[in-house]
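Worksheet for the structure shown next.
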Number of protein chains: 2
Amino acid sequence: MSEQPSKVYVNGSLFDIKVPFRRVVLDELDENSNNVKLDLYDTTGEDSPGNSGITPLRQRWISNRDDTHAIDSDKTNTGGSVPPRVANKGKRPTQYGYAKSGIITPEMEFVAIREGVDVGIILEELSKGRAIIPLNINHPEAEPMIIGSRFLVKVNANIGNSSVSANIGDEVTKLHTAIQWGADTVMDLSTGADIALTRDAILRNSPVPIGTVPIYETLARVGGNPVNLSFEAFKETMIAQAMGGVDYMTIHAGLRLSHIPLTIPRVTGIVSRGGSIMATWALAHHEENFLYSNFAEICEIASTFDVTISLGDGLRPGSIADANDQAQFAELATLGELVKICRAHDVQVMVEGPGHVPINRIAENVQKEVELCDEAPFYTLGPLTTDIAPGYDHITSAIGAALIASHGTAMLCYVTPKEHLGLPNADDVKEGMIAYKIAAHAGDLSKGHLGAAQRDLALSRARFDFRWEDQFNLSLDPQKARAFHDEELPAPAAKKA
Amino acid sequence: MSEQPSKVYVNGSLFDIKVPFRRVVLDELDENSNNVKLDLYDTTGEDSPGNSGITPLRQRWISNRDDTHAIDSDKTNTGGSVPPRVANKGKRPTQYGYAKSGIITPEMEFVAIREGVDVGIILEELSKGRAIIPLNINHPEAEPMIIGSRFLVKVNANIGNSSVSANIGDEVTKLHTAIQWGADTVMDLSTGADIALTRDAILRNSPVPIGTVPIYETLARVGGNPVNLSFEAFKETMIAQAMGGVDYMTIHAGLRLSHIPLTIPRVTGIVSRGGSIMATWALAHHEENFLYSNFAEICEIASTFDVTISLGDGLRPGSIADANDQAQFAELATLGELVKICRAHDVQVMVEGPGHVPINRIAENVQKEVELCDEAPFYTLGPLTTDIAPGYDHITSAIGAALIASHGTAMLCYVTPKEHLGLPNADDVKEGMIAYKIAAHAGDLSKGHLGAAQRDLALSRARFDFRWEDQFNLSLDPQKARAFHDEELPAPAAKKA
């Protein structure tokens with residue numbers, strides 16, 4: 001038998017596309033005496049990519065649509081190595097715009113095959129704004145994926161350097177680690193040296209959508225003092241990042257000046273970095289958050305590149321004591337307003353959520369988001385269900401993540417064991433990813449996702465039959481399962497017993 | 001400041017008892033400029049105990065009651081080093097019996113102080129059978145603890161050797177590891193050499209109640225073939241274990257002959273070891289499970305020593321596919337009958353639960369147990385919320401454990417990363433314990449336990465103030481939190497910043 005598991009591709013019927021899966025061939029025979037096979041969702045992209053850029057599989061799909069054009073890259077400041085594209089005048093080349101017009105794209109067929117659903121379901125969920133396909137026209141290397149509560153729960157991995165440690169190669173290694181363990185998207189939160197070069201290295205090597213928080217780079221551009229920020233500086237950064245290919249951007253536009261006093265009774269104040277930056281600016285100038293005031297213009301830019309907006313929750317609770325408070329929900333209501341503005345501009349949008357929430361208050365977060373934000377996909381950080389386990393917050397938060405996913409959160413932002421203590425290294429990225437793949441999958445099972453249950457069933461059958469190699473190959477981390485087993489019973493014979 | 005954290009004792013007001021707490025002194029001052037202190041529940045027993053036996057703190061309490069007497073230990077076969085006691089003729093020296101008669105014992109005041117509640121609440125919950133204090137009269141070394149849904153959620157750690165590896169010292173090390181990380185009870189599941197000696201070493205060194213599954217030792221006594229089991233052999237083992245001091249015993253009496261055909265449609269059959277042993281015996285003899293047929297006599301024995309019966313769920317599901325099936329709930333209904341028989345004999349009783357259950361089917365397990373088993377404390381293994389992560393089942397199951405605890409499960413049986421792959425070593429015991437302390441605490445917070453929330457609040461305040469040493473000292477694993485922090489910012493100054 002060939003090395004396990006191997007990659008296989010399913011061809012599109014509408015478009016010339018091939019969708020990757022990871023095939024596990026089992027030591028179990030079907031009624032025709034063929035080995036049973038299970039094809040698993042796969043995020044790893046092309047095999048052995050190295051660090052010098054991967055194939056831009058969407059380039060042709062994008063240019064074929066004839067609603068964008070390449071511009072002279074010498075005149076741009078993307079830090080990028082590919083000539084950027086922008087929308088033709090009057091066009092909004094977004095997957096949401098296409099869906100509303102009833103246009104099925106190769107991206108839509110790609111995700112339909114990945115999710116195992118009819119493309120009509122994709123079209124419907126996209127057109128209602130209940131799902132998004134975050135894909136910048138300048139990130140043609142990315143394989144399409146869909147985020148929405150009717151689909152498989154997705155996991156985002158945060159990576160990025162800091163002023164304390166910065167090395168571009170390390171970040172590409174973290175990217176590869178994240179996608180190896182199943183990251184559906186990756187956010188580059190770099191704040192240290194070479195932000196633009198680091199991001200370009202990540203984008204050119206990433207088969208998954210890349211997110212950023214552009215206010216971080218803007219802050220670096222103005223010298224690190226939030227008071228010196230301006231919408232002009234933000235816009236410059238946002239356009240540069242969009243031309244480089246960032247697929248989605250967290251924008252903390254919902255934190256209004258009037259919300260800030262609501263945080264006074266809090267135990268842990270404002271813990272979101274973006275929220276804290278914007279609150280500092282707004283208080284210093286005693287002016288409305290410029291991301292809120294200029295939100296329509298932000299949407300114009302986003303629509304030009306099909307950048308998805310991820311509405312940041314600058315007032316998310318930073319402790320169990322602050323969960324579900326007035327500040328948090330006041331901001332959420334504003335995020336609901338902003339969702340409408342995005343949609344009016346054909347911009348894809350999702351909404352970010354907490355944070356730190358005890359188990360009994362988790363469901364309310366989803367209910368309120370659905371209601372206030374008109375079913376826009378919810379994208380939550382954890383939540384952590386207790387504050388007492390620094391060093392293990394991948395576990396405190398996997399509990400909350402699994403539960404909030406079971407209630408309908410569409411994407412989970414992972415938390416690594418280093419949360420609150422330091423920046424994650426590659427090992428931490430792996431630990432965070434595994435904990436969150438567990439949470440996402442537990443959510444899928446809870447929602448009755450048939451495709452998800454097949455894998456549990458196959459592994460349980462293998463367990464009952466003592467087919468150890470099948471158990472290892474079907475597991476989230478075959479190496480670890482094999483190593484633990486072999487500590488006690490290393491003989492190969494013991495694996496088939 | 002003295003080394004953190006230190007142990008303090010609270011004296012009883014009704015009895016001459018002292019209840020241990022672990023005191024954390026914070027770098028935060030109260031209104032009188034004194035350092036804020038937080039006293040945490042502590043399971044570690046006396047300091048630096050070594051391996052040669054700890055102080056039998058309850059010996060006087062037990063003998064003072066004058067309802068038991070020591071017997072000539074040469075005539076017994078306990079493997080023990082202390083002369084065993086038995087009830088005087090006609091007496092049932094159980095905490096449940098005392099509570100029903102309105103008698104407050106030192107054990108009850110001890111747990112009232114530990115839990116921070118009035119002893120009247122303890123008396124009420126015990127007398128209604130909604131809580132138990134598992135304490136054999138022959139385990140005077142154990143510090144009293146209470147298991148019931150109105151109290152802090154407890155965690156049990158399984159240890160024990162196997163025929164593959166057996167070393168008494170290793171098991172005592174695992175016991176110490178388990179209680180260091182907060183195990184409320186420990187089950188010794190040894191099946192290898194020296195079962196009785198291993199158990200005695202554990203009992204004489206354990207400040208927490210010890211549980212066993214006596215059918216395991218019985219099986220070893222009859223040569224390993226379930227078909228050769230008999231009630232006589234079981235009874236002999238049970239009495240020996242009771243004389244040795246085992247505080248609670250899992251008894252798989254609910255798996256009736258008529259339930260076995262219900263497992264035919266299952267993916268993973270009968271996965272409980274005790275369940276599988278009893279099903280094999282019942283099928284081979286085509287007779288009713290002898291633990292069911294002789295349950296009243298089992299209760300008589302238990303009442304003589306105040307052994308708590310933990311009703312084993314021999315038909316618990318072994319996979320997501322088998323969760324909440326007919327076999328499982330048929331057995332649960334029988335467990336409800338057996339609860340009544342225990343209570344009629346003044347025997348303390350709890351009920352064991354699954355296993356493997358998807359998130360959306362967890363609540364039903366608690367609801368059915370409460371209803372069918374008349375609110376007897378529920379004691380669940382996990383449940384695992386997915387089958388696809390061998391090597392990480394401490395996480396797949398901590399998710400289910402936190403959720404089932406939030407619904408009212410009184411004690412959680414931990415799962416270590418080695419589940420399904422091998423026996424846990426001391427490192428695995430620690431990983432399992434931390435994951436389950438998180439789950440139990442998340443459950444406490446969800447139920448609105450005020451004492452639990454104080455710790456989160458203190459840690460969150462320390463986080464907001466950048467009081468790093470306070471964060472470390474308040475956390476479940478101070479060493480790890482400190483090590484992760486120091487990887488990036490090792491300077492002591494950085495901890496007070």
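The values are calculated or read from the model by the stated rules, or taken from the named source; none is laboratory data. Here the structure is a predicted model, which means the values were calculated and not measured. Counting neighbours? That spans all protein chains shown, and the Cβs are built from the backbone with ideal geometry, glycine included. For the accessible areas, the whole protein counts, side chains as well, though only heavy atoms, and no ligand, DNA or RNA atoms are used. Shrake-Rupley method; radii C 1.70, N 1.55, O 1.52, S 1.80 Å.
Structure summary
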| quantity | calculated |
| --- | --- |
| Over region B:6-63, relative contact order from alpha-carbon pairs under 8 Å, at least 6 apart, % | 22 percent |
| Cβ-placed point charges (K, R +1; D, E -1), dipole of the protein assembly as shown about Cα centre in debye, nearest 20 | 440 debye |
| For chain A, calculated [θ]222 nm from helices alone, where every DSSP H run of n ≥ 4 adds -39500 (n - 2.57) | -12500 deg cm²/dmol |
| Set of lysines near residue B:447 by C-alpha distance (under 22 Å), chain-local residues within fewer than 8 positions excluded | A:368, B:128, B:154, B:368, B:437 |
| Accessible surface buried upon A-B contact (total; probe 1.4 Å; Å², nearest 100) | 5400 Å² |
| Residue B:280-residue B:70 pseudo-label distance in nm [points 7 Å out on the Cα-to-Cβ vector] | 4.1 nm |
| Beta bridges by DSSP in chain B, antiparallel share as percent, to the nearest 5 | 40 percent |
| Share of carbon and sulfur in the accessible heavy-atom surface of chain B [1.4 Å probe, %] | 51 percent |
| Two-site label geometry, residue A:35 and residue A:230: point separation in nm, points 7 Å out along Cα→Cβ | 6.4 nm |
| Percent of Cα-Cα distances greater than 45 Å, calculated over the protein assembly as shown | 34 percent |
| 7 Å along Cα→Cβ, label-point gaps from residue B:228 to other copies, nm, shortest first | 8.4 |
| FRET efficiency estimate (nearest 0.05) - Cβ-Cβ, residue A:258 to residue B:487, R0 41 angstrom | 0.50 |
| Mean separation of Cα contacts under 8 Å, 6 or more apart, over the residue count of chain B: relative contact order % | 14 percent |
| Relative contact order, percent, region B:196-323 [alpha-carbon distance under 8 Å, six or more residues apart] | 31 percent |
| Accessible surface, chain B, averaged per residue in Å² (probe 1.4 Å) | 34 Å² |
| Estimated D of chain B in µm² per second, where Rh is the Kirkwood radius over Cα pairs and Stokes-Einstein applies at 25 °C, 0.890 mPa s | 107 µm²/s |
| Set of aspartates and glutamates with alpha-carbon distance to residue A:91 below 14 Å, sequence-local pairs under 8 removed | A:66, A:67, A:300, A:306, A:346 |
| Within 10 Å of each Cβ in B:415-425, the average number of Cβ atoms from other chains | 4 |
| Kirkwood Rh (inverse of mean 1/r, distinct Cα pairs), region A:198-245, angstrom | 11.4 Å |
| Convex hull volume per residue for region A:312-454, taking Cα atoms only, in Å³ | 118 Å³ |
| Computed E for residue A:194/residue A:300 - FRET, C-beta separation, R0 35 angstrom, nearest 0.05 | 0.75 |
| Kirkwood Rh, Cα atoms: Rg over Rh of region A:133-228 | 1.00 |
| Inter-copy separations for residue A:52, label at 7 Å along Cα-Cβ, nm, ascending | 7.0 |
| Cβ-based charge dipole, region A:77-160, positive-most Cα from A:129, A:151, A:113 | A:129 |
| Pseudo-label separations to other copies for residue A:16 - Cα-to-Cβ vector, 7 Å, nm | 9.3 |
| Antiparallel content of DSSP bridges confined to the protein assembly as shown, in %, to 5 | 40 percent |
